1. Could we say that residue 281 is in contact with a strand residue (DSSP E or B) (Cβ under 9 Å, 6 or more places away or on another chain), modelled with pLDDT of 95 or more, under 28 Å from residue 195 (Cβ atoms) and in a loop (DSSP other than H, G, I, E, B) here?
2. Condition first: closer than 11 Å to residue 69 by Cβ, out of contact with any strand residue (DSSP E or B) (no Cβ under 6 Å at 6 or more places or on another chain) and not in a loop (DSSP other than H, G, I, E, B). Now tell me which residues in region 95-120 satisfy that.
3. Just to confirm my filter: which helices (runs of 4 or more DSSP H) fall fully inside region 123-227 and include at least 1 residues that are free of Cβ contacts under 8 Å to residues at least 60 places away in the same chain, crowded, with 16+ Cβ neighbours inside 10 Å and in contact with a strand residue (DSSP E or B) (Cβ under 8 Å, 6 or more places away or on another chain)?
4. Let me spell it out: the conditions are (1) farther than 30 Å from residue 363 by Cα; (2) surrounded by fewer than 15 Cβ atoms within 10 Å (Cβ to Cβ); (3) modelled with pLDDT of 80 or more, and residue 101 meets all of them except one. Which number is the exception?
5. Restricting attention to region 321-342, report how many residues are surrounded by 13 or more Cβ atoms within 10 Å (Cβ to Cβ) and on the phi > 0 side of the Ramachandran plot.
6. Can you name every residue in region 73-94 that is touching a helix residue (DSSP H, G or I) at 6+ places or on another chain (Cβ under 9 Å) and assigned to a helix (DSSP H, G or I)?
7. For region 343-359, how many residues are in contact with a helix residue (DSSP H, G or I) (Cβ under 7 Å, 6 or more places away or on another chain) and either surrounded by fewer than 13 Cβ atoms within 10 Å (Cβ to Cβ) or part of a strand (DSSP E or B) (or both)?
8. Check 286, 359, 345 and return the single one that is within 29 Å of residue 165 (Cβ to Cβ) and at pLDDT 95 or above.
């Protein structure tokens, strides 16, 4: 009987020990679940995900020149002369052209552009979100090279106003991005349907032609939220079609939003990064403001030809030292690190004849005109 009692006691002790272990395990699970629930429902969640790379690179920092073009580069001969003045270890070239277009000896005069087109290009339409998507694709391609520290967006009609060394030093001495950005108070481009993601006070307008530091380039590429809002709500108004009668009047009351004039500016404002910007573009554009019937025809950039790309005209552009923003009553004096500098490093829109004249003036580099003979058309 005594042995049976001792056996029963041992069994009871084992059962009690197992029950204690099970209870402790259950209690631990409950605590973990409570902590997880608190973290899940009470931790702040950022509205936009950003992944800033911290990779350290060796060698000199580079400028990535990003060309957003229709097909080829009609002013490639001028840019070739510009890059010849620079060290190849200090610049990169990326081109977004029509899908399938290849830059080679049959399509460009400059070997520097051979194979520089990105492989995932898309069909781009003016005034559509495809324009800003193409910009994002260029930035994404350039970000793969960690030596690229400045990113300059250019069109196929842009020209440099200085030689490479001047442009390089101008950009590298400043830790800021150059993004033309101002309050869009007068035009009806903001769509109230954006308000859940983009508050009205963060809506900005400015030039498409930006120069950004690597941190800001990554913000643009990483963005999904603001870009999705633009794709859905920022669309240009359809052209006037009198054949549609009253329907045409209704269509013309729609918001007329041009994505590439708002996206980067608004995105950086949403991230409270305007304090890290020089809020001006580095690309000069002369706008035709003589239009009288703005409902039928908007302002458009004037194209410089051979005759109006004179040394005096170029000197005037290079002498501009401030920009006035009417909607903010703001004068933006052009500085880098508190040093007064010319406002513009580039200009548009320039014809081939105008670009030839810049070469003859040796604006970007010494150049022999005969070098253009027997080259691709």
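1. In short, yes.
2. The answer is 113, and nothing else.
3. Result: 130-143.
4. It is condition (2) that residue 101 fails.
5. 0
6. 76, 77, 78, 79, 80, 81, 82, 83, 84, 88, 90, listed by residue number.
7. Qualifying residue count for the region: 1.
8. On the way: 286 fails: at pLDDT 95 or above; 359 fails: at pLDDT 95 or above.
Just one listed residue meets the conditions, 345.
The values are calculated or read from the model by the stated rules, or taken from the named source; none is laboratory data. Quick caveat, the model's predicted, so the values are computed rather than measured. No Cβ is skipped: glycine too gets one built from the backbone with ideal geometry, and neighbour counts run over all protein chains shown.
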